[in-house]
Amino acid sequence: DIGRLAESMGLNAYLVGGVVRDILMQNTNMDIDIVVEGDAPALAKRFAAMKKAKVSEHFKFKTAVVIFRDGFRVDFATSRTEYYTNPASAPEVENASIRNDLYRRDFSINAMAVKLTGDDFGLLLDFFGGQKDIIDKKIRVLHSLSFVDDPSRCLRGVRFAVRYGFAVGPHTEKLLKHAVSLKLLERVVGQRMYLELKYILSEDSYVDALLMMKKYDMLKFFHEKLAIDDFKLDRFAVLKKINGWYSFQFEDKLELWISRFCILFADLNRQEMKRLASRFEITGRLYDELADTFYKFKHAVWQVRRLKDVKASAITGIFEGMKTEAVTAAVAVLGQEYEWLLKEYLTVYRFVTPSVDGNDLKSMGIPPSGIYGEILKEIKRAKLDHEISSKEEELDLAER
Ligand code: ATP
């Protein structure tokens, strides 16, 4: 449809980037990227109208995204060449051929396109050897200044390498090491560093990525204290077991990167976490949420370690009000011997509530006041610790 529509508007359109790579590798990819030689937002608008989908346009970059009701999205960009007036600054945009558009991309495997218009519909454009690199399992940049143009590509390279089990090509590896020695990653803006780390931690093979970043001495660009040792690798292994159990047991999907983030930075104190957040330039609600999750995770580990008597009520008191991702991370840090506790908490404890309610207390003649909360809390505690089990016993306890 996009091709036909583009043709009717006299435009050339191409399927580009990750989706082409994933088609060739027979992987699924839900992000469709289209490059248009011409007015991409105009094509996007016509396509959205045809599909009764929403469209939003970015005037400055001549891009637009079409979003379907089920969340499926198609990105449209006007083909462009980048001129780097200053490395790490936003590229200027101008119309240019598809080859130039592909040349500004990060790796050969991401720099292929499929033509959607004209007689050669379906033609694969592979100017930089992407297919060969897929066969050879290589991550390769397109030119020697690639990491200088955009040092965040160092992190993207690691991500694609571990995701597909590819090696970094020898010349690209040399350039990568050089980029690290020049500390180019220091130039990457905070939000980009944060997003790239989030993407890496969202990969199934994130541990391999962390080990690869350790090998290339890249971890220090997140925080100078960041280290991956055997202890942390053990924690990640426990977390994997816990998450496997969780996804078998429950239907909701956890944001796995959050637990991994907590464990990765578990040794940082408040001051150091603040520094990390300022490196990431995260502020406002994003910061509040991340900091809240992280500090609750740290506090829970500390509190559980201090417990003399591991009672259900004590555990529930600690874990309640925490994101599940922070609870699983805390148990992974505490160690395998705490796994049963997590399972009890997630399957049983967290659902325990008193059978009696405010109305019951009122009909017992207890005057309504702040004390109701206290009574119900005490009933919940006693119920969790199996001191009482029936509603009569709850009423008895309320009476007392
Ligand atoms: P994923 O499967 O992780 O979404 P993707 O390849 O679709 O992978 P995106 O980050 O969505 O990744 O980028 C889409 C395309 O844009 C890439 O395939 C690549 O061609 C190009 N691209 C993205 N970021 C960069 C960058 N920093 N430098 C050069 N090209 C980039």
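Rule-based calculations on the coordinates, nothing more; no lab input. These figures come from a predicted structure and were not determined experimentally. Every residue, glycine as well, gets a Cβ built from its backbone with ideal geometry; the counts of neighbours run over all protein chains shown.
Where does each of 101, 136, 126 land when they are ranked from fewest to most other beta-carbon atoms within 10 angstrom?
So the residues, fewest neighbours to most, are 136, 126, 101.
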Next on the checklist: Let me spell out the model: positive unit charges on the Cβ of Lys and Arg, negative unit charges on the Cβ of Asp and Glu, origin at the Cα centre of the chain. What dipole size does that give, in debye rounded to 20?
Outcome noted: 900 debye
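Starting from the Cα-Cα distance between residue 30 and residue 396, subtract it from 0.36 nm times their residue separation and give me the gain in nm to one decimal.
Residue separation times 0.36 nm, minus the Cα-Cα distance, leaves 126.0 nm.
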Checklist outcome for this item: Dividing the helical contributions, -39500 (n - 2.57) per DSSP H run of n ≥ 4, by the residues of the chain yields a 222 nm value, nearest 500 deg cm²/dmol, of -15500 deg cm²/dmol
Next on the checklist: Could you give the length gained by full extension between residue 311 and residue 217, i.e. 0.36 nm per residue of separation minus their alpha carbon distance, to one decimal place?
Outcome noted: 29.5 nm
Next on the checklist: Within 15 Å, Cβ to Cβ, of residue 52, how many net charges do the neighbouring residues add up to if Lys/Arg are +1 and Asp/Glu are -1?
Outcome noted: +4
Next on the checklist: Taking a ≥ b ≥ c as the square roots of the Cα gyration tensor eigenvalues, with a/c under 1.5 meaning rounded and otherwise prolate when a/b beats b/c, else oblate, which class fits region 221-284?
Outcome noted: oblate
Checklist entry - Rg and Dmax of the chain, Cα atoms, in Å? => result 27.0, 86
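Which pairs in the list 298/362; 138/198; 51/198; 253/391 are over 30 Å apart, alpha-carbon to alpha-carbon?
Checking Cα-Cα distances, 298/362; 51/198; 253/391 exceed 30 Å.
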Checklist outcome for this item: Sequence order, region 215-223: Karplus ³J(HN,Hα) from phi using 6.51 cos²θ - 1.76 cosθ + 1.60, θ = phi - 60°, Hz rounded, Gly and Pro as x, gives 4, 8, 6, 9, 4, 4, 6, 8, 7
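Given a Förster distance of 22 angstrom, what is the FRET efficiency for residue 58 paired with residue 287, based on the Cβ-Cβ distance and rounded to 0.05?
Working: r = 26 Å, r/R0 = 1.16.
That pair, residue 58 with residue 287, gives E of 0.30.
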Checklist entry - In µm²/s, what is D for region 257-376 at 37 °C and 0.692 mPa s, where D = kT/(6 pi eta Rh) by Stokes-Einstein and Rh is the Kirkwood radius from Cα pairs? => result 200 µm²/s
Checklist entry - Rounded, prolate or oblate: which fits region 290-329, taking a ≥ b ≥ c as square roots of the Cα gyration tensor eigenvalues, rounded meaning a/c under 1.5, else prolate when a/b beats b/c? => result prolate
Item to check | For peptides 282-290, 246-254, 215-223, sequence by mean Cβ density within 10 Å, most packed first | outcome: 215-223, 282-290, 246-254
Item to check | Cross-link table 62/177; 274/296; 137/214; 62/137, entries beyond 25 Å C-alpha to C-alpha | outcome: 62/177; 62/137
Checklist entry - Which shape class applies to region 242-319: rounded if a/c is under 1.5, otherwise prolate when a/b exceeds b/c and oblate if not, where a ≥ b ≥ c are the square roots of the Cα gyration tensor eigenvalues? => result oblate
Checklist entry - Under 13 Å from a point 7 Å along the Cα-to-Cβ line of residue 295: which residues of region 256-271 have their amide N that close? => result 269-271
Checklist entry - How far, in degrees from 0 to 90, does helix 284-306 lean away from the longest principal axis of the Cα atoms of the chain, to the nearest 10? => result 50 degrees
Checklist entry - Counting Lys +1, Arg +1, Asp -1, Glu -1, what net charge surrounds residue 129 among other residues with beta carbon under 15 Å of its beta carbon? => result +3
Checklist entry - When DSSP assigns beta bridges and you keep just the ones with both residues in the chain, what percent turn out antiparallel, to the nearest 5? => result 70 percent
Item to check | Where only alpha carbons of region 111-191 are counted, the Rg and the Dmax (Å) | outcome: 14.9, 48
Checklist outcome for this item: Once amide hydrogens are built 1.01 Å from N within the peptide plane, the residues lying 5 or more places from residue 32 or on another chain with amide H under 5 Å from its amide H are 73, 75
Next on the checklist: Just want to confirm a number: the relative contact order over the chain, from Cα pairs under 8 angstrom separated by 6+ residues, in percent.
Outcome noted: 9 percent
